[in-house]
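Worksheet for the structure shown next.
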Amino acid sequence: MFNLYPCSDLLDPGRIVKEKILGGGHPNTAITYNNIGLLYHEMGDYKKALDYYEKALETRKKTIGADNIINAPTLGNIAGLYGDMKDYEKALEYYKKSMSIRERILGKKHPDTALSYNNIGWLYKTKGDYRQAYSYYKKSFDIFIKNRDRAFTFLSSKQKKLYLKANSYKIPNLLDAGYRYIQTLNDKDSKTKLKQELIDAWLNYKGSIFDSENAIAMLYMSSDDKDLKAQIEKLNNLKRYLAKLYQSIPKAKQRKAWQKKIEDTKNDIDALERQIASKAQSFKEQLGLKNISYKDISKNLKENELYIDFAKTDEYYYIFTIDHKGTVTFDRITQDDSKEIDATIKAFREDIKQIIEDISKANDKAYRAKLSKLYKLVFTPIQNHIDAKSSLIISPDGALKLMPFEALIKDGKYLIEQKDIRYIPSGKELVRLYRYRKNSKNSNIVAIFANPNFDDEKIALLEKKQDLLNTPNTNRAGVAKSLLYLFFEELPGTKEEAAAIKQTLKGKTILDFEEEKANEENLMQVRNPKILHIATHGFFINDDTIPNPMLKAGIALSGANRGAQLLNGAGIVTALKLSGLNLRGTNLVVLSACETGVVDINSTQSVSALGKAFIQAGTKDVIMSLWTVDDNATKDLMSSFYKEQQSAKNYSKALKKAKLKFIKQNKHPYLWAPFVISGM
């Protein structure tokens, strides 16, 4: 857990040359001593490593002084060496020497000082002193959060992700030390305070990229600054253009020109994001969303509601809960059970893949056993709190983002039969929805996209012509290659689905986009209807070579098959292409398609790419699917949902009632469970 600090070359010949030319007392020779020590350290020769580290310190002491900031890394290396040798007192001595220099010269809020705090936290945890471990990890984490907020005022989205990745060890360290520290406390008030500190830390950590991008979307919707709006519009246009570039393949002669356009566009996006970032961060402060507390959630919860937030680290699942009284709980699932959760979810989803191919393969006893097991693994630590509530608001993490909690089984019944369930990407997003989302003023407008003509050549050829005027198109990574394997079959059930919805919603103003009209151009021109319903194919490309999660997920509209054949992306609408869609005031988007809610669990973000795109466009709730859905079953489910929503208090209850009808008919969860609702 500690950090080694190389300075330059690592070879003895380099030392010999420097000693002969510069002399053994030269500061640059000290650099080589440090690095040779680091090499021996990594080789496990601790005696020689210590000799060279001490040579480096002695050399610097004679030339630049013992308290120079340059000595801090070497002191840290010596501390780490003693830690490996299990001499923790010596390790602590040297870590504190390094920390003292950094605090005095760099200050107590510098990232390098935070690194010293983190290393000391690691040492105290190793010694079993969890109070001190938590204290130092908390100092390190608080510095990270403060510097993150400052850095987010000038970093692009790509740079933000790299920044978070470089600091990804901070939150696991804090949660682990905090949990262990709580177990040592006997005082109830002390335990409560610590749990509150931990949930606040997690709430302000989770989904920070999503939160940052939401701020830009909200800024566009709220600002009267024409120049700023123009910048954001330009940013969205560049993102859509980049998506088109990534979705097609050029001829060999055009490859270099295409690659340059890709890089130039990415650079333009980065530059614009950096320009907008500071204004978005200031806007968050004005809205009171820069930092939130568990109190901001609890005061909006009803008496029957329980907020459940999962945090996944490499080793554990942690669970937080908050109720309307502000009571916070914090639990950890064991390492073995955490592994078992991931394995069980994987096994269940593998079963779903087989059932998709042949419903007769459904093994009632086997899948019910998995769902019962998963319920016990996930909810046993907080069972008493769940029993006391009838409504659960869940913010999942890790593999749990791929699982519909409604399908979990307790005492022989599905959880949806016992509880109301809805989902939210993060606690901060929940607070934002409570404060700033309003219902649509266009209360009678429902836009329906259904039964696209995937083989429409006009759209595909038009797209190709337009693109060729601009650039030799293609995708360098994996997007276009993946398009080679996409083929979208007709969906006659979506025509019936649209007809049933229109029949149910008599009296509403229907914007009907079917067959050739169900195209990308018309979708991008839709403006804040009350409901936007899209019945088509969805897709999720599980390919780690694709550089942007927003390119992995999408929906197919008219011309998609020809667009795939021509490799120009026509009709294939990725989440990135949806940038800039204006649905401000829209109450609900229904993505009645396959895999529209699938999340890249390796991403730094905690929400599906398509869900994110529509939430940032302005909608309050999004209904999405977690796997490939059945055409006819989806038609029946959606028809029932729209009938129920006319009398239900909210969309979540309407969806629940529609699902319960399937359950009463003993339908397999494959048919009803994939659709989940994210939002309020």
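Kirkwood Rh over Cα pairs of region 526-659 into Stokes-Einstein at 20 °C, 1.002 mPa s: D in µm²/s? The estimated diffusion coefficient comes to 139 µm²/s. Loop-resident trypsin sites (Lys or Arg not before Pro) (DSSP state other than H, G, I, E or B) in region 624-680 with no more than 12 further Cβ atoms inside 10 Å of their Cβ: K649.
Taking 0.692 mPa s as the viscosity and 37 °C as the temperature, the Stokes-Einstein diffusion coefficient of region 139-293 based on its alpha-carbon Kirkwood radius rounds to 182 µm²/s. Computed from the Cβ-Cβ distance with R0 of 35 Å, the FRET efficiency linking K96 to D331 stands at 0.55. A Cα-only calculation for the chain places Rg and Dmax at 27.9, 92 Å. One chain, two ends: T63 and A648. Fully extended at 0.36 nm per residue, the span grows by 202.8 nm beyond their Cα-Cα distance. Do the alpha carbons of any pairs in K108/K158; K279/K577; K195/K295; K413/K667; K206/K244 sit beyond 20 Å of each other, and which pairs? Beyond 20 Å: K108/K158; K279/K577; K206/K244. With Cβ to Cβ distances under 9 Å as the rule, what net charge do the other residues near K508 carry (K, R +1; D, E -1)? Charge balance in the 9 Å sphere: +3.
Note that region 545-680 presents 26 Å² accessible area per residue, ligands and nucleic acids not counted, probe 1.4 Å.
Sorting 426-433, 88-95, 672-679 by their mean Cβ neighbour count within 10 Å, with the most densely packed peptide first, gives 672-679, 426-433, 88-95. Ignoring aspartates and glutamates fewer than eight residues from K97 along the same chain, the ones with Cα atoms less than 20 angstrom from its Cα are D51, E54, E58, D67, D84, D87, E89, D112, D129. What the Kirkwood sum gives for region 71-194 is a hydrodynamic radius of 15.3 Å, with every pair of different alpha carbons counted.
Our note on the geometry: Cα centres of region 625-657 and region 572-588, 21 Å apart. By accessible area, using a 1.4 Å probe on protein heavy atoms only, region 254-354 has 41% of its surface on carbon and sulfur. From most to least packed by mean Cβ count within 10 Å, the peptides 500-506, 54-60 give 54-60, 500-506. Calculated mean residue ellipticity at 222 nm for the chain: -17500 deg cm²/dmol, from DSSP H runs with n ≥ 4 weighted as -39500 (n - 2.57), summed, divided by the residue count and rounded to 500. Counting only whole DSSP H helices of the chain, the ones at least 15 Å long by C-alpha along their axis and with mean Kyte-Doolittle hydropathy no lower than 0.0 are 71-84, 208-222. The residues of region 222-265 have, on average, 59 Å² of accessible surface per residue, using a 1.4 Å probe with all protein chains present. The residue among L301, F454, W672 whose Cα reaches farthest toward the positive pole of the charge dipole of the chain, with charges on the beta-carbon of Lys, Arg, Asp and Glu, is L301. Most simply put, the chain has about 45% antiparallel DSSP beta bridges, counting only bridges with both residues inside it.
Taken over the Cα atoms of region 364-430, the convex hull encloses 94 Å³ per residue. Kindly list the residues of region 233-255 that lie in the label zone of Q275, defined by a backbone N under 15 Å from the point 7 Å along the Cα-to-C-beta vector. Only 233-239 fall inside the zone, counting backbone N under 15 Å.
If each Cα of region 224-366 is one equal point scatterer, what is log10 of I(q)/I(0) from the Debye formula at q = 0.10, 0.14, 0.15, 0.22 Å⁻¹? Computed log10 I(q)/I(0) values: -0.82, -1.01, -0.99, -1.18. Scaling the Cα radius of gyration of region 138-192 by the globular reference 2.2 N^0.38 Å produces a ratio of 1.48.
The values are calculated or read from the model by the stated rules, or taken from the named source; none is laboratory data. Keep in mind that this is a model prediction, so the values were computed, not measured. Cβ: placed from backbone, ideal geometry, glycine included. Neighbour counts: every protein chain shown. These area figures cover heavy atoms from the full protein model, side chains too; ligands, DNA and RNA do not enter into them. Shrake-Rupley method; radii C 1.70, N 1.55, O 1.52, S 1.80 Å.
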